[in-house]
Amino acid sequence: MSLNISWSFENHIRTSILQGRIDSRNSALFKKTVEDELHASDKGLILDFGRIDYISSAGLRIVLELAKLYRGEKRFAICGLSPTVQEVFEISGFNQIITIYSTHDQAIQELLN
């Protein structure tokens, strides 16, 4: 299964809605696609993993690189992890360094505060 990405934009926060899997075959394209969509006026980025069923270490590396783009005034969050993907984030320790919310609505509310 490939990776599909769609977008939403609300209150200067861009959300990348991901579907499929993120692995070594598509991680570079994932990064480029997200970076190409970002704008200087964005105040935050949310990666919505609600429809992601697999992420590899290559995908985790890209998530970390994207999170580093949003230091300081800009905010970054992840939401909607499936139990399987949540486990990958926990085992890797990423849940300790990246803010993860259960739902997109929770992520939006927190990034706006």
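Based on DSSP, what percent of beta bridges with both residues in the chain are antiparallel, to the nearest 5? Please report the intermediate quantities before stating the final value.
Values: 8 of 24 bridges.
Rounded to the nearest five, the antiparallel share is 35 percent.
Per the Kirkwood treatment, what hydrodynamic radius in Å, one decimal, follows for the chain from the mean inverse distance over all distinct Cα pairs?
Values: mean 1/r = 0.0724 Å⁻¹.
After inverting the mean inverse Cα-Cα distance, the result is 13.8 Å.
How much solvent-accessible surface does I17 expose, in Å² to the nearest 10, with a 1.4 Å probe and all protein chains in place?
We get 40 Å² for I17.
Amide H of E10 versus every other amide H placed in the peptide plane: which residues, excluding those fewer than 5 positions away on the same chain, fall under 5 Å?
Hits under the 5 Å cutoff: T15.
Which is the longest stretch in the chain that no exposed loop site breaks, taking sites as trypsin sites (Lys or Arg not before Pro) with a DSSP loop state and at most 13 other Cβ atoms within 10 Å? Walk me through the numbers before you get to the answer.
On the way: sites that count: R25, R71.
The longest uninterrupted stretch comes out as 26-70.
Please list 3J(HN,Hα) in residue order for segment 102-110, calculated via the Karplus relation 6.51 cos²θ - 1.76 cosθ + 1.60 where θ = phi - 60°; whole Hz, with x for glycine and proline.
Once θ is set to phi - 60°, the couplings for segment 102-110 become 5, 10, 5, 4, 4, 4, 4, 4, 5 Hz.
How large is the translational diffusion coefficient of segment 72-113 in µm² per second when you combine the Kirkwood radius over alpha carbon pairs with Stokes-Einstein at 4 °C and 1.567 mPa s? Intermediate values should be presented prior to the final figure.
On the way: Rh = 10.8 Å.
Taking Rh from Cα pairs, D becomes 120 µm²/s.
Can you give the accessible area per residue of segment 1-78, in Å², using a 1.4 Å probe? Intermediate values should be presented prior to the final figure.
Numbers: 4130 Å² over 78 residues.
I get 53 Å² per residue for this part.
Give the cross-link partners of K43 among the aspartates and glutamates, using a straight C-alpha distance below 19 Å as the criterion and excluding same-chain residues fewer than 8 apart.
Leaving aside aspartates and glutamates fewer than 8 places away in the same chain, those within reach of K43 are E10, E35, E65, E73, D105, E110.
Relative to the longest principal axis of the chain, what angle (0 to 90°, nearest 10) does the C-alpha long axis of helix 27-37 take?
Roughly 20 degrees between the two axes.
Can you sort E37, E10 by solvent-accessible area, 1.4 Å probe, largest first?
Numbers: E37 60, E10 85 Å².
From most exposed to least exposed: E10, E37.
Express the carbon and sulfur contribution to the solvent-accessible surface of the chain as a percent, rounded to the nearest whole number, probe 1.4 angstrom.
Details: 2930 of 6220 Å².
So the carbon and sulfur contribution to the accessible surface is 47 percent.
Starting from the residue with the highest accessible area, list D48, D53 in decreasing order, probe 1.4 Å. The partial results should precede the final answer.
On the way: D48 30, D53 85 Å².
The most accessible residue leads, giving D53, D48.
The values are calculated or read from the model by the stated rules, or taken from the named source; none is laboratory data. All of these numbers come straight from a predicted model, not from anything done at the bench. No Cβ is skipped: glycine too gets one built from the backbone with ideal geometry, and neighbour counts run over all protein chains shown. Just the protein is used for accessible areas: all its heavy atoms, side chains included, with ligands, DNA and RNA removed. Shrake-Rupley method; radii C 1.70, N 1.55, O 1.52, S 1.80 Å.
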